[in-house]
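Asks: This is the structure I have questions about; it appears just below.
Values quoted throughout were computed directly from the atomic coordinates according to the rules given, and no laboratory measurement underlies them. Everything numeric here is computed off the predicted structure, so don't read it as measured data. Cβ atoms come from the backbone with ideal geometry, glycine included; neighbour counts cover every protein chain shown.
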Amino acid sequence: MSIQLRSRRGPVGKAWQATALRERIERLLGPGRIARGKADARAGRVQWLDVQTGAARGDVLDADGNLYQARIDVPPLRPGEATQVRRIARQHPELPARLAGGSYPEPVEEQLAAAQVPLLPRDASELSHDCSCLDWPGPCRHVSALVYVLVEAVDADPTLLLTLRGMSLADLVEEPQRPRAELPERPTGLDPTRLRPELLEAELGAEAAATLHAFFTEPHSERLQ
């Protein structure tokens, strides 16, 4: 089942994040690939789209009737970068709900970009591509068609930007890990004179408890007689 673009003419993508993504990827394509990729996408040649950590993939039907596997790669965030994103997201408690509703506030992306952890690719240097058609060096028309399907998908669902970067909505709503409560310091020594006979008896039996308690509580002089 092919994917039909909603856009039938003009630029693809309406929301600001879709426009930004399209413009950054189009810097890789060049005018000829842009025109052919957009035409193929509007013709429904992209059969499916799968967005996972670091990559968007899809099969694209060529005019010769063959299917080619195209992909676009975006580097996932490193652990420290993801921590930065979570820190900034906690400053915007409404963000998860807005993303889930299809809206990505541009000021949040600007704040992430200032911290060097944007969800959108910084520029074309952060993007790479591949296709089974082996049209080297590319990007080929199949990758170009996939670009426009991805742009419309991000237009409708900006959480896909999180997915590409290796994160999810759950990462933004999880409570920060609380430090473990400090435990009271364990005593470095035992004061035998504070031992209670009934507690010792429960553990050791009556005779052994009485002997141990007497040993520690009777004066030294009596023990030595």
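Asks: Order 156-165, 74-83, 138-147 from most to least packed using the mean count of other Cβ atoms within 10 Å.
Replies: Ranking the peptides 156-165, 74-83, 138-147 by packing returns 138-147, 156-165, 74-83.
Asks: Length gain on complete extension for the stretch Ala63 to Gln111, per 0.36 nm per residue less the alpha carbon to alpha carbon distance?
Replies: So the extension gain works out to 12.9 nm.
Asks: Which whole-Hz couplings ³J(HN,Hα) result when phi for each residue of segment 128-136 is put into the Karplus expression 6.51 cos²θ - 1.76 cosθ + 1.60, θ = phi - 60°, listed in order with x for Gly and Pro?
Replies: Result, ordered by residue: 9, 8, 7, 7, 6, 6, 6, 6, 8 Hz.
Asks: While we're here: Take the alpha carbon atoms of segment 95-165, find their radius of gyration, then divide it by 2.2 N^0.38 Å using N residues; give the quotient.
Replies: 1.29
Asks: While we're here: Order 20-26, 65-71 from most to least packed using the mean count of other Cβ atoms within 10 Å. Working shown, then result.
Replies: Details: 20-26: 20.6, 65-71: 16.4.
Packing proxy ranking, top to bottom: 20-26, 65-71.
Asks: Can I ask one more? Given points 7 Å out from each Cα along the Cα-Cβ axis, report the Glu126 to Asp73 separation in nanometres with one decimal.
Replies: Output for this residue pair reads 1.6 nm.
Asks: Given a Förster radius of 35 Å and the C-beta distance between Asp171 and Ala206 as r, what FRET efficiency does 1/(1 + (r/R0)^6) yield to the nearest 0.05?
Replies: 0.05
Asks: Spelling out what I want: for every residue of segment 148-154, take phi, set θ = phi - 60°, compute 6.51 cos²θ - 1.76 cosθ + 1.60 (Karplus), and round to whole Hz; glycine and proline get x.
Replies: Those phi angles translate into 6, 5, 5, 4, 5, 5, 5 Hz.
Asks: Between Thr83 and Arg6, take the C-beta separation as r, use R0 = 41 Å, and let me know the FRET efficiency to the nearest 0.05.
Replies: FRET efficiency, Thr83 to Arg6: 0.70.
Asks: Next up: Calculate, in nm to one decimal, what Trp136 and Thr53 gain on full extension: separation in residues at 0.36 nm each, minus their alpha carbon distance.
Replies: 27.4 nm
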